1. Does the stretch 172-188 hold any residues that are at negative phi, free of Cβ contacts under 8 Å to residues at least 40 places away in the same chain and outside any helix (DSSP H, G or I), and which are they?
2. Considering only residues that are within 27 Å of residue 8 (Cβ to Cβ), out of contact with any Asp or Glu (no Cβ under 8 Å at 6 or more places or on another chain) and not in a helix (DSSP H, G or I), which ones fall in the stretch 318-339?
3. Restricting attention to the stretch 13-23, does a residue exist that is within 20 Å of residue 226 (Cβ to Cβ) and surrounded by fewer than 21 Cβ atoms within 10 Å (Cβ to Cβ)?
4. Can you pull out the residues in the stretch 4-15 that are closer than 16 Å to residue 54 by Cα and either free of Cβ contacts under 8 Å to residues at least 60 places away in the same chain or near ligand 1 (Cβ under 9 Å from one of its atoms) (or both)?
5. Give just the number: which of (1) within 16 Å of ligand 1 (Cβ to nearest atom); (2) not in a strand (DSSP E or B) does residue 83 not satisfy?
6. Helices (runs of 4 or more DSSP H) wholly in the stretch 189-284 with at least 1 residues that are at pLDDT below 90 - which ones?
7. Here are 37, 2: which of them is exposed (fewer than 13 other Cβ atoms within 10 Å of the Cβ), away from ligand 2 (no atom under 16 Å from the Cβ) and among the β-branched types (Val, Ile, Thr)?
8. For the stretch 122-136, does any single residue satisfy the condition of being closer than 27 Å to residue 215 by Cβ and in a helix (DSSP H, G or I)?
Amino acid sequence: MTDLLLSVKNLRVELATHREVVHAVEDVSFDLGAGQTLGIVGESGCGKSMLLRAILGLLPRGGRVTGGQVIFQGTDLLSLNNQQRRDVRGRSIGMIFQEPMTALNPVMHVGDQIAEGPIAHLGYTKKAGRQRAVELMQQVGIPDARRRFRAYPSELSGGMRQRVMIAIALACEPQLLLCDEPTTALDVTIQDQILKLLLHLQESTGVSMIFVTHDLAVVSQMCQSLAVMYAAELVEFGLVASVLPDPTHPYTLGLLRAVPDFDKVKAMLDPIPGIPPSLVDPPEGCRFRPRCEFAQEDCATGDFPLQFTEEGRASSCIHQVLCRNAAHADPVIGSRAAH
Ligand SMILES: Nc1ncnc2c1ncn2[C@@H]1O[C@H](COP(=O)(O)OP(=O)(O)OP(=O)(O)O)[C@@H](O)[C@H]1O
Ligand SMILES: [Mg+2]
């Protein structure tokens, strides 16, 4: 068992707009070991970004944590004051956003943006900070780093901008890197390069990662464990090697069925019918019930917290045997179990 780096306990996040309150994260708990990569998957709007932002302490206007703990290296980050939070953010936890253009400063040289962290948090002089920025730019594969130091974000391609974001996030050698769909805005070839870069950096620095993605193929390539979110809640958690061939929540099974079978040319995609519920007034009972092929009467009322199985896996489904049987019978998912 690796050392525990992060323990999220019963985390709740609300977002208040002038009209309504969105329950974006509800009662989410999980652990992350040092050097491990956790993937988080789930449909659009299920709370993945708000979960990452709550861990980092960077919720949007109107957002607040209404319960729970975020214990990072033994300290509850939610108990820190703003200055202490900023220090953790600058030094120990880095974040890579989906769209680098919105996260970068458009009127500042990219090299200076990379140098900011080491100067502010590690006591580097301006000159040493710049030197460190050039090294980081080389490390993340930006060619001709010395010249590009003075580029503005708009002068770089999407892939290069994402490399700059990665360099900023890694500049203070954080213990944890939060990646929010870091490759979604990029074309497939560049996506692949960025994923390989992150994998390489993870292996060479030992940084732990939480990796939000829509893509289960990316999860199987990058992550040791997997958390599946549905309508603000975690519905399944476990090792990737256990969950992908043997899902214990019907929502995970639905996501897996929607992944193309790359071995067959005419693979049929089987999307999950229906849409997730509103998070303003979520329904009673299991939130996935209206879309679930295995739903029974007893799914309609009560709470559905994550239940741990003997192997240390967790699912919120009370009829997980039905789900597992269907997964084993599925020609594609069942065959993955054999590998
Ligand atoms: N700034 C905001 N103000 C109010 N509600 C918001 C805000 N940002 C997100 N939400 C709502 O919070 C919920 C969770 O959103 P979140 O962005 O975490 O979803 P997500 O899982 O990251 O989705 P995606 O895959 O599309 O990025 C959604 O219902 C969304 O509509
Ligand atoms: Mg998001």
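1. 183, 186, 187
2. 319
3. Taking every residue of the stretch 13-23 in turn, none turns out to be within 20 Å of residue 226 (Cβ to Cβ) and surrounded by fewer than 21 Cβ atoms within 10 Å (Cβ to Cβ).
4. 10, 11, 12, 13, 14, 15
5. Single failed check for residue 83: (1).
6. By residue number, 216-222, 250-257.
7. 2
8. Yes; the residues of the stretch 122-136 include at least one that is closer than 27 Å to residue 215 by Cβ and in a helix (DSSP H, G or I).
The values are calculated or read from the model by the stated rules, or taken from the named source; none is laboratory data. Given the structure is predicted, the values throughout are model-derived calculations rather than measurements. So basically every Cβ, Gly included, is an ideal-geometry build from the backbone, and we count neighbours across all protein chains shown.
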